[in-house]
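The structure under discussion appears below in the form of structure tokens.
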Amino acid sequence: MASNTVTLFGVGDVGPLHEPIAAYSELAKPALAAADIRFGQVERVYSDRGALQLHSGGAHSRVKPHMASVFTDCGFDVVSLASNHAMDWGADAMLDTIDLRRVVFVVDRTTDRGFLERELLRLWSNVAADSPNRSAPAPAVRLFGVSGPTAAETRALVAHLAAA
């Protein structure tokens, strides 16, 4: 008889600071393998670039790019960079970490959309050699505007994210 259940494991603050990375994967992979879907919230950026931003307090939040292998080694299906440390090292380090084609920027009426688009396109033209954005055929900046926490906006945002 087929099961009608799905097991989702969600973990937060993922992002090893020390090597060897394989040691983390060896510890976590057996437990994560028990789930149908594995979600991880990333606490760091994976880049050699960027400048520590004023007031970030996140010197620990940037690690070597190869350390991102922990996510594939552990079999994560979904990884979110939504974190209070995502921009500790600036947008260039963030662009070295995640494929921008998979990102939706949620903005409100106070956001200078033109500036955001121009800055991301400028950074896109100078991504690191090991950036997931290096092989992209064209830059992609997707903005989703919100005005308040309404059910309709939430449904529209979920649909927008699903398209990513």
Seminar exercise, completed: Picking from A82, A86, A93, the residue that is part of a helix (DSSP H, G or I) and among the aliphatic types (A, V, I, L, M) would be A93
Exercise. Which pairs do you get when a residue that is under 13 Å from G15 (Cβ atoms) and without any contact (Cβ under 8 Å) to a residue 40 or more places away in the chain, found in the range 64-78, comes within reach of a residue that is of a type outside the set (A, V, I, L, M) and exposed (fewer than 15 other Cβ atoms within 10 Å of the Cβ), reach meaning Cβ atoms under 8 angstrom, with the pair 6+ apart or on two chains?
Worked result: K64/D48
For this session: For the range 142-164, enumerate the residues that are among the hydroxyl-bearing types (S, T, Y) and either in contact with a Gly (Cβ under 8 Å, 6 or more places away or on another chain) or part of a helix (DSSP H, G or I) (or both).
Result: T154
Exercise. For the range 36-54, which residues satisfy the criterion of being without any contact (Cβ under 8 Å) to a residue 60 or more places away in the chain and more than 15 Å from the chain's Cα centre (by Cα)?
Worked result: D36, I37, G50, A51, L52, Q53, L54
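Throughout, read-outs are computed from the coordinates displayed, never taken from laboratory work. For clarity, every value in this text was computed on a predicted model and none was experimentally measured. Here Cβ is always computed from backbone atoms with ideal geometry, including for glycine, and neighbour counts include all displayed protein chains.
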